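Right, one structure below, let's go through it.
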Amino acid sequence: MVVAGAGLAGLAAARRLTEAGVKVAVLEARDRVGGRTYSADVGGLRVDLGGQWIGPTQDRMEALVGELGLEMFPTHHAGRKVLFVGGRRSTYRGDIPSMAPHRLMLLQATISRLERLCRRVGANPEPWTRGDAARWDAETLETWKRRNIPSAAVRGVFDAAVRTVFGAEAAELSMLHALTYLAAGGGLMRVVEIRGGAQERRFAEGAQSVSLGLAERLGTGITLDAPVRSIEETRGGVHVVAGAGEWRAKRVVVAMAPAMAGRITYDPPMPALRDELTQRSPMGATIKFHARYDRAFWRDEGYSGEAVYTAGPIAVAFDNSSADGSTAALLAFSVGAAARRVGALDPATRRREVTGALVRAFGPRAGEPTAWLEKDWSADPWTRGCPTGNLPPGVLSVFGPALRPPVGRVHWAGTETATEWTGYMEGAVQSGERAAGEVLAAL
């Protein structure tokens, strides 16, 4: 067996196949394992340049944490939060933003309405079969937003959440895709919250430690610097060309985002439905910035380190300090249209813009980090974006049936193919296990 991709999806698939007694070769384009999880040091602090949090109901990741003996700690969120709406700064505590009462009521009504729609969709592996699928897939999340949120201020807060979750603007997202994605994670609030949500806990050694642990257990069957170029189906098997080598196997699991899987040459060519799906699955745009400081001065002043911006170079910021708070850092996300603009700037200008946004939230000391590290995932040649692949209108209802089913001896994994926690580490693991199960059933 060959598995293309050594991110969490590929490693999870390889692990299950290996446990079943199947010999597996894992081929990875990068010089490391982990895919969209990538941990590095900034001023002596271990941080995540990619995915970094887990939360309730992410049971597969919880099991791996326990099995690999990894240390977790809660995301810091105690203190006042900062909100910028149209450039105006306000602070608040808890989960309720500081807004005029009528805007708060509208925001709550919007959240409730969206949560009800998510429950209607549910964790449906085939949302295109719904009677209303074509109607929902014919409009964007932007259209729905403008129809249901008359306040520009509330629309701004909504947009900040959408950009952070998808790495895209509401106008780029099919309503059906957005609802399906959110429902897979348990709804909007579970996806965006810290306490009780997807950002609840962090990895002491970085989220890449999961992939590193899985790779260590797999042993010598992983080949790095081996981007898969072509997959040819032969009599009784597949012929895979990757990097400078060639592999022959009975089947192959392609554990990549659809957009990247579509760059492989297939012989015979993929069916039109599958090929057109990969052409219509653009990656989100996300840049992560890590600013290291001598101390967590924002905590001293009663701030949590969390900030939300409805406009500007970044959409959100978090406290990203070490577990005990002794090594201090702030994390900022530039996402969607802002990430595409900021990513085109020279590094010095980009840093000035981002630190300027942090200064507006937490004061002048935020503009003087002792170390700085950033990762633009759209510039990564083997990912081309983060956190996930997105679907514009008219794609899921028409091309969705080609998302998961194998094509001949080629099977598909990757978090975009998950039915639970799509787009997250949990979804990646689920997808890999599902693809491995398909292979075992076919052998």
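The values are calculated or read from the model by the stated rules, or taken from the named source; none is laboratory data. In this text the structure is predicted, and so the values were computed from the model without any measurement. A quick note on method: Cβ atoms are made from the backbone with ideal geometry, for glycine too, and the neighbour counts reach across all protein chains shown. The protein model used for the area step is the full one, side chains on, heavy atoms only, and it has no ligands, DNA or RNA in it. Shrake-Rupley method; radii C 1.70, N 1.55, O 1.52, S 1.80 Å.
As an equivalent ellipsoid, the stretch 1-99 spans semi-axes of 38, 17, 14 angstrom, where each value is the square root of five times an eigenvalue of the C-alpha gyration tensor, largest first. On C-alpha positions alone, give me the angle between the axis of helix 101-121 and the longest principal axis of the chain, in degrees, nearest 10. Computed tilt is about 10 degrees.
Assign one of three labels to the stretch 54-132, namely rounded, prolate or oblate, based on the Cα gyration tensor with a ≥ b ≥ c the square roots of its eigenvalues; rounded applies when a/c is under 1.5, prolate when it is not and a/b is larger than b/c, and oblate otherwise. Because a/c hits 1.5 or more and a/b fails to exceed b/c, the stretch 54-132 counts as oblate.
Calculated mean residue ellipticity, 222 nm, the chain: -10500 deg cm²/dmol, from DSSP H runs (n ≥ 4) at -39500 (n - 2.57) each, averaged per residue and rounded to 500.
Quick check: net charge around Ala6, other residues with Cβ under 10 Å of its Cβ, Lys/Arg +1 and Asp/Glu -1? Result for the local shell: +1.
Taken about its Cα centre, the chain carries a charge dipole of roughly 920 debye when the Cβ of each Lys and Arg holds +1 and the Cβ of each Asp and Glu holds -1.
The fraction of Cα-Cα pairs per 10 angstrom bin, counted from 0 for the chain, comes to 4, 22, 32, 26, 13, 4, 0 percent, rounded to whole percents. Note on exposure: Glu28, Glu306, Glu19 ranked by accessible area (1.4 Å probe, complete protein assembly) read Glu19, Glu306, Glu28, with the most exposed listed first.
Put Arg155, Arg202, Arg103, Arg229 in order of accessible area, highest first, and with a 1.4 Å probe you get Arg229, Arg103, Arg155, Arg202. Springs between Cα atoms under 10 Å define the GNM used for the chain, and in it the highest mean-square fluctuation of Ser397, Ser378, Ser112 occurs at Ser112. Charge tally for Ala78 (other residues, Cβ to Cβ under 11 Å; Lys, Arg +1; Asp, Glu -1): +3. Counting Lys and Arg as +1 and Asp and Glu as -1 over every other residue whose Cβ lies under 11 Å from the Cβ of Thr57, the net charge comes to -3.
The stretch 251-292 and the stretch 139-160 have Cα centres lying 29 Å from one another.
Look at the dipole of the chain built from charges on Cβ: of Val228, Cys386, Ala170, the Cα furthest out on the positive end belongs to Ala170. Extension gain, Phe73 to Glu139, is 19.7 nm, computed as 0.36 nm per intervening residue step minus the present C-alpha separation. In this structure, Arg341 and Asn124 have a Cβ-Cβ separation that, at R0 = 30 Å, corresponds to a calculated FRET efficiency of about 0.25.
Restricting the calculation to Cα atoms, the stretch 297-406 yields a radius of gyration followed by a Dmax of 17.6, 55 Å. Straight-distance candidates among the lysines for linking to Lys250, with alpha-carbon spacing under 26 Å and chain neighbours fewer than 8 residues away dropped: Lys23. Rounded to 0.05, the FRET efficiency of the Gln279 and Ala63 pair, given R0 = 41 Å and the Cβ-Cβ distance, is 0.70.
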